[in-house]
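Have a look at the structure below before the remarks.
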Amino acid sequence: MKRRVLIGTYVLSAGYYDAYYTRAQKIRTLIKRDFEQAFETCDVLLTPATPGPAFALGEKSSDPVSMYLNDVFTVTVNLAGLPAIAVPAGLTENGLPLGLQVIGKAFDEMTVLRAGRAIELAASLTARPDKWWTA
């Protein structure tokens, strides 16, 4: 997170505003338009929450690119300003959790929450993490 804030601050500094920020705003408008067109025919969109299963605490901390790419599927939703939630949707063969992202129309958080709850119930996951914070 700190890296993203620093990069953003650098890009918005004098001399870079027009070159990057204005162009990014135009691209953001196109992304929002794509989502609006998709929602003309559906109520929610489902995507993977991450490119792969969950990883152990600290496992990827030495690889910032891998850490950055782990939330790549959530970037466009945030740029479009849409409500979304990641819910557990299953387990890998090794028992690692997989997440599914539910994306909704602007200001339709209730539909996103309802869809997320339906997915959680359908997945019927009973695994619970250990209470690592009380050890």
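Taking the condition of being among the hydroxyl-bearing types (Ser, Thr, Tyr) and either modelled with pLDDT under 85 or touching a helix residue (DSSP H, G or I) at 6+ places or on another chain (Cβ under 9 Å) (or both), how many residues in the range 104-135 meet it?
The first filter runs over the range 104-135 and keeps only residues among the hydroxyl-bearing types (Ser, Thr, Tyr), leaving 111, 124, 126, 134.
Filter once more, so that each one left must be either modelled with pLDDT under 85 or touching a helix residue (DSSP H, G or I) at 6+ places or on another chain (Cβ under 9 Å) (or both): 126, 134.
So the count comes out to 2.
Just name the residue that is farthest from residue 93 (Cα to Cα) out of those in the range 48-62 that are out of contact with any Pro (no Cβ under 8 Å at 6 or more places or on another chain) and surrounded by 12 or more Cβ atoms within 10 Å (Cβ to Cβ).
60
When you go through 37, 25, 101 one by one, which is the residue that is at pLDDT 95 or above, under 25 Å from residue 2 (Cβ atoms) and not acidic (Asp, Glu)?
When all the criteria are applied, what remains is 101.
Being part of a strand (DSSP E or B) and over 30 Å from residue 23 (Cα atoms) is the filter here, so list the residues in the range 67-116 that pass it.
87, 88, 89, 90, 91, 97, 98, 99, 100
So how many residues does the range 1-54 have that are in a loop (DSSP other than H, G, I, E, B), over 17 Å from residue 80 (Cα atoms) and in contact (Cβ under 8 Å) with a residue 24 or more places away in the chain?
Residues that pass the stated criteria total 3.
Looking only at the range 72-105, which residues are surrounded by fewer than 14 Cβ atoms within 10 Å (Cβ to Cβ) and charged (D, E, K, R)?
Selection gives 93 alone.
Would a scan of the range 108-125 turn up a residue that is surrounded by 13 or more Cβ atoms within 10 Å (Cβ to Cβ), closer than 30 Å to residue 27 by Cα and among the basic types (Lys, Arg)?
Checked the range 108-125: no residue is surrounded by 13 or more Cβ atoms within 10 Å (Cβ to Cβ), closer than 30 Å to residue 27 by Cα and among the basic types (Lys, Arg).
Within the range 45-57, can one find any residue that is more than 17 Å from the chain's Cα centre (by Cα) and at pLDDT below 85?
Residues of the range 45-57 more than 17 Å from the chain's Cα centre (by Cα): 56-57.
Applying the additional criterion that residues be at pLDDT below 85 yields 56-57.
There is at least one residue in the range 45-57 that is more than 17 Å from the chain's Cα centre (by Cα) and at pLDDT below 85.
Return the pairs, sorted by first residue and then second, in which the second residue is at pLDDT 95 or above and surrounded by 15 or more Cβ atoms within 10 Å (Cβ to Cβ), the first residue lies in the range 103-128 and is closer than 22 Å to residue 32 by Cβ and of a type in the set (Asp, Glu), the beta carbons are less than 7 Å apart, and the residues are 6+ apart or on different chains.
Partner pairs satisfying both residue conditions: 108/83; 109/83.
The values are calculated or read from the model by the stated rules, or taken from the named source; none is laboratory data. Predicted model only: the values in this text are computed from it and were never measured. Ideal geometry is used to build each Cβ from the backbone, glycine not excepted, and the neighbour counts take in all protein chains shown.
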